[in-house]
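Chemist: Mind looking over this structure? Questions follow.
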């Protein structure tokens with residue numbers, strides 16, 4: 001798998017950003033493309049990685065919501 005430093009142009013602010021996926025983060029992924037959420041300044045991006053950990057697609061998050069869980 002193509003582990004290591006990734007780069008992309010942010011679709012929101014057009015800055016080039018560099019990011020790395022922690023080695024253990026995708027060990028239990030069963031299905032690809034896998035969605036990765038990246039916080040960049042005041043916005044969030046969803047990056048989809050293929051089974052070789054290559055960037056397949058990117059989109060800006062429309063809204064960020066933290067859900068409450070009642071047990």
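Chemist: Determine the pairs where a residue that is without any contact (Cβ under 8 Å) to a residue 60 or more places away in the chain and at positive phi, located within region 42-60, has a partner that is surrounded by fewer than 14 Cβ atoms within 10 Å (Cβ to Cβ) and part of a loop (DSSP other than H, G, I, E, B) with Cβ atoms under 7 Å apart, the partner being 6 or more residues away or on another chain.
Modeler: Matching pairs, first to second residue: 53/1; 53/2; 53/3.
Per-residue answers, yes or no, for (1) in a strand (DSSP E or B); (2) modelled with pLDDT under 90; (3) exposed (fewer than 10 other Cβ atoms within 10 Å of the Cβ):
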{"residue": "1", "(1), (2), (3)": "no, yes, no"}
{"residue": "22", "(1), (2), (3)": "no, yes, yes"}
{"residue": "27", "(1), (2), (3)": "no, yes, yes"}
{"residue": "31", "(1), (2), (3)": "no, no, yes"}
{"residue": "36", "(1), (2), (3)": "yes, no, no"}
{"residue": "46", "(1), (2), (3)": "yes, no, no"}
{"residue": "59", "(1), (2), (3)": "yes, no, no"}
{"residue": "62", "(1), (2), (3)": "no, no, yes"}
{"residue": "68", "(1), (2), (3)": "no, no, yes"}
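Chemist: Determine the pairs where a residue that is over 17 Å from residue 45 (Cα atoms), located within region 9-29, has a partner that is at pLDDT below 90 and not in a strand (DSSP E or B) with Cβ atoms under 8 Å apart, the partner being 6 or more residues away or on another chain.
Modeler: 23/3; 26/53
The values are calculated or read from the model by the stated rules, or taken from the named source; none is laboratory data. Everything quoted here is computed from the prediction, not taken from an experiment. Counting neighbours? That spans all protein chains shown, and the Cβs are built from the backbone with ideal geometry, glycine included.
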